[in-house]
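Data block below; observations after.
Derivation of every value follows stated rules applied to the coordinates shown; laboratory data play no part. No experiment lies behind these values; they were computed from the predicted model shown. All Cβ positions, glycine included, derive from the backbone under ideal geometry; neighbour counts span all protein chains shown.
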Amino acid sequence: MSMSSSSFSYVTSLLRRTCAVDLHRGKRYLVESRLARLAHARGHTGADAVDRYVGRLRAGADRNEAERVVEALMTTETSWFRDGSPFAALDLLLGALPARTGGPRLWSAGCSTGQEPYSLAMVLLDNDVPDFSVLATDLSAAVLRQACTGRYTEHELARGLPDGVLERHFRPAGERWQVSAAVRSRVTFRRHNLLDPGGPGGTFDIVFLRHVLMHLDLAARAAVLGRVRRHLVPGGLVVLGAGETPVGVDDSWRRLTLPGVSAYRLAESAA
């Protein structure tokens with residue numbers, strides 16, 4: 001199945017309006033293949049199935065269909081302890097925070113199927129950090145449904161899970177493995193669009209905003225960083241993905257000197 005240029009433009013415009021993700025023409029095959037599955041599920045067949053499906057989408061025949069398209073096209077690439085360094089340096093990140101009362105609050109923004117927030121909770125438990133909590137948010141209801149169960153296949157566990165973690169923090173659950181209750185109790189999942197003016201609730205000591213900005217256009221990056229800064233405690237930190245930077249987007253952030261970690265704090269004049 002292939003799609004017309006008009007259908008491709010409509011779908012990419014929908015994604016840009018909804019979550020500011022800018023899919024270039026090099027992603028056309030990805031769009032076609034994922035929409036082909038949706039089209040087939042709705043009974044459309046033949047060479048023009050995707051175009052007929054997009055035509056139905058344009059007509060607004062089903063209000064939930066646009067949401068299904070956005071979820072189908074969102075990137076959900078993730079793994080356990082992804083990139084390694086931010087998790088290895090978590091004690092240093094906590095040590096760089098101002099003195100506080102109570103345990104640290106962390107926010108995993110764009111959490112996908114839950115590997116990042118659960119990895120954070122596992123490290124914090126292993127390090128005996130008291131009274132911490134992790135809020136995990138994502139735009140996709142589908143990935144959050146899996147994340148909330150905490151259940152993963154052996155194939156999913158093979159992606160980044162270090163030796164010994166399975167025994168400490170997982171329990172058998174039929175043909176899958178489930179994150180232990182001790183870990184799950186520290187993580188709260190919530191659906192949230194980072195472009196929404198309203199925040200996820202509360203303020204945070206550290207926001208993990210990794211592998212999110214890279215998918216957004218410049219204006220959306222600035223908007224997301226602006227929303228995140230409103231939910232940081234004074235002196236709080238933002239951790240970005242490797243290769244991501246606020247430089248040229250919002251220059252009021254200053255990078256911490258930590259090996260292998262893209263961690264930033266607002267300059268005192270901007271806090």
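The table below lists the values:
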read-out	value
Centre separation in Å (Cα based) which lies between region 67-96 and region 168-214	10 Å
Candidates Leu120, Leu135, Leu94, ranked by Gaussian network fluctuation over the chain, Cα under 10 Å, top entry	Leu94
Formal net charge of residues neighbouring Val212 (Cβ-Cβ distance under 15 Å; K, R +1; D, E -1)	-4
The chain: C-alpha gyration tensor shape, a/c 1.5 cut-off, then a/b vs b/c	oblate
Within region 3-20, backbone nitrogen closer than 18 Å to the virtual label 7 Å beyond the Cα of Asp217 toward Cβ	6-20
Lys, Arg +1 and Asp, Glu -1 on Cβ, resulting dipole of the chain about Cα centre, debye, nearest 20	700 debye
Filtered trypsin sites (Lys or Arg not before Pro), region 163-253: DSSP coil and at most 15 other beta carbons within 10 Å	Arg230
Estimated [θ] at 222 nm from DSSP helical runs (n ≥ 4, -39500 (n - 2.57)) normalised by residues in the chain, nearest 500	-11000 deg cm²/dmol
Selected from Gly114, Gly201, Gly235 as most flexible by GNM, with the chain as the system and alpha-carbon contacts under 10 Å	Gly201
Projected label distance in nm at Thr257 and Asn193, using a 7 Å step from Cα toward the beta-carbon	4.3 nm
11 Å beta-carbon shell around Thr149, net charge (K/R +1, D/E -1)	+4
Highest-fluctuation residue, His211, His169, His40 considered, GNM on the chain with Cα pairs under 10 Å	His40
Where labels lie 7 Å past Cα in the beta-carbon direction, separation of Asp163 and Ala181 in nm	3.1 nm
Cα-centre dipole for region 5-73 with unit charges at Cβ (Lys and Arg positive, Asp and Glu negative), debye to 20	80 debye
5 angstrom amide H check on Arg254, placed H, neighbours 5+ away	Arg265, Leu266, Ala267
